[in-house]
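Student: Pasting in a structure now, in structure tokens, and then I'll have a few things to ask.
The values are calculated or read from the model by the stated rules, or taken from the named source; none is laboratory data. Keep in mind that what you see is a predicted model, and the values were worked out from it rather than measured. Positions of Cβ are backbone-derived with ideal geometry, glycine not excepted, and every protein chain shown enters the neighbour counts. The protein model used for the area step is the full one, side chains on, heavy atoms only, and it has no ligands, DNA or RNA in it. Shrake-Rupley method; radii C 1.70, N 1.55, O 1.52, S 1.80 Å.
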Amino acid sequence: MVEEERKYAVPDDFVLPDLSGVAPAGGTVVAADPVTLVAGYRDTADLRLARSGVSLRHRAGDEPPWTVKLPTDSPGLRHEISRPGPAGDPPAELAELVTVFARGAPLAPVVTVRTERHAYEVRDGDGRVLAELVDDRVTVRDPAGRTTDAFRELEVERKGGDRALLDRIGTVLTGAGARGGEFVPKHIRALGGAALGEPDLVPPGGLPAKPTAGAVVTEAIRDDVARLLAHDPLVRLRAPVGDDDTAVHQMRVGCRRLRSDLRTFRPLLRPGWARPLRAELKWLGEVLGAARDVEVLRDRLRRTAAADPTCPVDPAAVDRLDAALAGRQEAALAAVDEALRSPRYLALVDALVLAARAPRLTPKADRPARRVLPRLVARPWRKLAGGAADGGAAALEPLGPDERWHAVRKRAKQARYAAGAATPVVGRDARKLARALARIQDLLGEHQDAAVAGRTWVALAGQRPDDHRLAVAAGRLLERERQSVRRARAEFPAAWRRASRRRRTRWLP
């Protein structure tokens with residue numbers, strides 16, 4: 001669940017204005033009975049959760065009473081996950097959701113927030129709740145029970161309405177003297193300055209006008225680590241990312257990009273530091289990759305079966321194939337869960353946080369990025385563009401084995417990531433090359449997915465030799481996948497010519 005809220009500071013004597021005008025035609029504003037909420041927050045001794053914009057609380061009277069709130073990329077928007085459980089230790093599932101923030105440090109009570117709440121629901125003519133405004137008088141107590149602060153604030157949460165409704169409510173409130181501003185959760189305000197400190201995970205912060213090569217590699221590592229760790233809780237929740245993506249995919253991308261950047265920037269990084277990190281990322285990437293591969297197969301199965309409506313594949317046979325894949329997926333996701341709960345992963349998270357803070361650089365990293373980066377990007381590019389002697393793109397043959405095409409795909413991916421990392425410094429030339437390589441990567445990705453899928457359909461049918469309808473369905477699916485392979489191979493030469501034009505690579509030495 002994603003929660004969208006806006007907060008407003010008000011003095012104790014603030015008078016709530018008439019809100020009836022914000023409701024749509026036929027709607028109304030309904031006042032709920034006042035309630036008293038007592039929320040106890042858990043955190044590490046050094047407030048790692050709070051400093052990362054995360055909260056873990058138990059609030060008596062809520063059902064369920066335990067809640068974790070995780071930040072998103074948008075201010076005021078948070079993922080909210082609630083679970084049942086008695087007061088005391090938080091449910092294991094919620095404690096695991098904050099693994100990348102707590103990193104193994106004990107979670108203990110840090111503050112109690114007592115809220116006297118008056119709530120008002122904005123409803124439409126059918127009684128549907130569009131937004132909720134709460135007027136909260138808050139008392140803060142430390143773990144010893146001493147009162148340390150008190151304040152009043154208003155909070156508007158979007159329910160079934162749109163953001164324009166929140167804007168209208170905000171206009172009425174600020175017109176009456178409320179002050180909108182930065183979204184600060186209650187427990188952060190209650191904990192004070194220590195909770196507003198920098199998070200342990202240093203986020204990407206942009207580059208100076210004339211960066212060193214070390215500044216560029218540091219920024220790339222921070223971006224990769226942020227992507228990887230941000231999706232950890234969503235992987236545990238099996239949560240989607242947008243309409244057509246998954247957290248497993250994005251976390252795996254984070255692994256791949258970081259491994260690729262550590263390889264591309266190898267001359268700038270101390271080998272004894274980067275090599276073990278790449279090895280651990282390979283381990284995690286393989287675990288995530290197994291789960292991602294089955295995701296892709298299940299999605300592809302339905303699309304391939306429906307590719308020709310005039311000649312449908314037996315739906316019952318497709319269902320049997322999907323059932324077999326579903327079993328694989330459950331096993332793969334169970335392996336992901338096991339990996340994310342392991343001490344090995346916890347050690348990797350610690351290493352990633354330290355890597356984002358201060359990667360171990362060589363003296364060469366002090367040189368100007370403009371001088372160093374083109375040479376570093378040229379290495380994966382030359383490897384990709386190589387001929388028959390070294391298995392590059394120029395050596396691909398229409399009738400060559402699938403494995404050779406896949407090998408070129410992996411080289412294209414590294415070259416694309418390298419060009420992307422150089423874009424903030426090199427600018428348009430690097431961006432154009434990265435975009436052209438993205439097309440190559442997509443084309444070869446479709447080739448690989450189709451090749452793997454075709455082999456999979458035949459292998460699954462082979463496990464049930466007496467199921468003749470399944471064999472026929474698998475054969476038809478295989479032929480459609482091979483058509484996709486042939487189409488990708490036919491389109492590749494033109495895409496490669498565009499990517500390898502001199503105007504896209506002239507900045508490379």
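Student: All but one of (1) more than 30 Å from Leu354 (Cα to Cα); (2) assigned to a loop (DSSP other than H, G, I, E, B); (3) touching a residue at least 40 places away in the same chain (Cβ under 8 Å) hold for His118, so report the exception by its number.
Tutor: (2)
Student: In addition: Are any residues in region 324-346 touching a residue at least 40 places away in the same chain (Cβ under 8 Å) and either open to solvent by 20 Å² or more (accessible area, probe 1.4 Å) or among the β-branched types (Val, Ile, Thr) (or both), and if so, which ones?
Tutor: Listed by number, the residues that qualify are Ala324, Ala335, Val336, Asp337, Arg341, Arg344, Leu346.
Student: Continuing with this model, one more query. List the number of the failed condition for Pro208; all other conditions in (1) without any contact (Cβ under 8 Å) to a residue 40 or more places away in the chain; (2) in a helix (DSSP H, G or I) hold.
Tutor: Failing condition for Pro208: (2).
Student: Quick check on region 134-177: of everything there that is in a helix (DSSP H, G or I) and among the β-branched types (Val, Ile, Thr), which residue is least open to solvent (accessible area, probe 1.4 Å)?
Tutor: The residue in question is Ile169.
Student: Here is a check on your reading of the model: is Thr44 modelled with pLDDT of 95 or more, within 19 Å of the chain's Cα centre (by Cα) and over 23 Å from Leu130 (Cα atoms)?
Tutor: No: the conditions fail for Thr44.
Student: I would also like to ask the following. Is it true that some residue in region 10-33 is among the β-branched types (Val, Ile, Thr), open to solvent by 30 Å² or more (accessible area, probe 1.4 Å) and more than 16 Å from Glu132 (Cβ to Cβ)?
Tutor: The answer is yes, given that some residue of region 10-33 is among the β-branched types (Val, Ile, Thr), open to solvent by 30 Å² or more (accessible area, probe 1.4 Å) and more than 16 Å from Glu132 (Cβ to Cβ).
Student: Just give me the residues in region 189-204 being under 18 Å from Ala358 (Cβ atoms) and surrounded by fewer than 22 Cβ atoms within 10 Å (Cβ to Cβ), in sequence order.
Tutor: Answer for region 189-204, where residues must be under 18 Å from Ala358 (Cβ atoms) and surrounded by fewer than 22 Cβ atoms within 10 Å (Cβ to Cβ): Gly197, Glu198, Pro199, Asp200, Val202, Pro203, Pro204.
Student: Restricting attention to region 386-394, does a residue exist that is among the hydrophobic types (A, V, I, L, M, F, W, C), crowded, with 21+ Cβ neighbours inside 10 Å and out of contact with any Lys or Arg (no Cβ under 7 Å at 6 or more places or on another chain)?
Tutor: Yes: one or more hits.
Student: Of all residues in region 372-397, which are touching a residue at least 12 places away in the same chain (Cβ under 8 Å) and either farther than 30 Å from Phe492 by Cβ or of a type in the set (Lys, Arg) (or both)?
Tutor: Val372, Arg375, Arg379, Lys383
Student: Which of the residues spanning region 267-282 are surrounded by 16 or more Cβ atoms within 10 Å (Cβ to Cβ) and within 19 Å of Arg370 (Cα to Cα)?
Tutor: Matches in region 267-282: Leu268, Leu269.
Student: Of all residues in region 235-245 being modelled with pLDDT under 95 and at negative phi, which is nearest to the chain's Cα centre (by Cα)?
Tutor: So, considering only residues that are modelled with pLDDT under 95 and at negative phi, the one nearest to the chain's Cα centre (by Cα) is Val241.
Student: Of the residues Phe183, Phe101, which single one is surrounded by fewer than 20 Cβ atoms within 10 Å (Cβ to Cβ), in contact with a Lys or Arg (Cβ under 6 Å, 6 or more places away or on another chain) and of a type in the set (A, V, I, L, M, F, W, C)?
Tutor: Phe183
Student: Further question on the same structure: Pairs only if they're at least six apart or on different chains, beta carbon under 7 angstrom, first in region 263-289 and within 15 Å of Gly214 (Cα to Cα), second open to solvent by less than 80 Å² (accessible area, probe 1.4 Å) and of a type in the set (S, T, N, Q); list them, first residue then second.
Tutor: Close Cβ pairs (under 7 Å, with a partner that is open to solvent by less than 80 Å² (accessible area, probe 1.4 Å) and of a type in the set (S, T, N, Q)) amount to Arg263/Gln414; Thr264/Gln414; Pro267/Thr362; Leu268/Thr362; Leu269/Thr362; Arg270/Thr362.
Student: Looking only at region 64-104, filter to residues that are assigned to a loop (DSSP other than H, G, I, E, B) and of a type in the set (Val, Ile, Thr); which one of those is nearest to Leu354 (Cα to Cα)?
Tutor: For region 64-104, the residue satisfying everything is Val98.
Student: Still on this model: For Thr112, state whether it is of a type in the set (Val, Ile, Thr), at pLDDT below 95, assigned to a strand (DSSP E or B) and under 18 Å from Asp62 (Cα atoms).
Tutor: yes
Student: Give Val408, Val472, Val425 a once-over and let me know the one that is aliphatic (A, V, I, L, M) and touching a Pro at 6+ places or on another chain (Cβ under 8 Å).
Tutor: Answer to the selection: Val425.
Student: If you take the residues of region 27-61 that are small (Gly, Ala, Ser) and not in a loop (DSSP other than H, G, I, E, B), which of them is farthest from Asp142 (Cα to Cα)?
Tutor: Result: Ala31.
Student: Hey, another quick one. Taking Asp126 and the conditions (1) surrounded by 15 or more Cβ atoms within 10 Å (Cβ to Cβ); (2) over 27 Å from the mean Cα position of the chain (by Cα), which numbered condition does it fall short on, given that it satisfies the others?
Tutor: (1)
Student: Related question: Scan region 394-425 residue by residue and report those that are more than 22 Å from Arg259 (Cα to Cα) and either assigned to a helix (DSSP H, G or I) or not hydrophobic (A, V, I, L, M, F, W, C) (or both).
Tutor: Correct list: Ala394, Ala395, Glu397, Pro398, Gly400, Pro401, Asp402.
Student: Follow-up question, since we're still on this one. Given the conditions (1) in contact with a Lys or Arg (Cβ under 8 Å, 6 or more places away or on another chain); (2) assigned to a helix (DSSP H, G or I); (3) open to solvent by 40 Å² or more (accessible area, probe 1.4 Å), report the number of the one that Pro509 does not fulfil.
Tutor: All conditions are met except number (2).
Student: Same structure again: Report the residue count in region 276-304 for those that are farther than 20 Å from Gly445 by Cβ and of a type outside the set (A, V, I, L, M, F, W, C).
Tutor: Number of matching residues: 3.
Student: For region 205-255, name all the residues that are under 18 Å from Ala358 (Cβ atoms), crowded, with 23+ Cβ neighbours inside 10 Å and hydrophobic (A, V, I, L, M, F, W, C).
Tutor: Scanning region 205-255 gives Ala213, Val216, Val217, Ala220, Ile221, Val225, Leu228.
Student: Within region 398-422, restricting attention to residues that are without any contact (Cβ under 8 Å) to a residue 12 or more places away in the chain and not charged (D, E, K, R), which residue is surrounded by the fewest Cβ atoms within 10 Å (Cβ to Cβ)?
Tutor: The extreme case among them is Leu399.
For every residue, the table says whether it meets (1) within 17 Å of Ala306 (Cα to Cα); (2) part of a helix (DSSP H, G or I); (3) touching a residue at least 60 places away in the same chain (Cβ under 8 Å); (4) in contact with an Asp or Glu (Cβ under 6 Å, 6 or more places away or on another chain).
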residue	(1), (2), (3), (4)
Gly445	no, yes, no, no
Ala451	no, yes, no, yes
Arg487	no, yes, no, no
Arg504	no, yes, yes, no
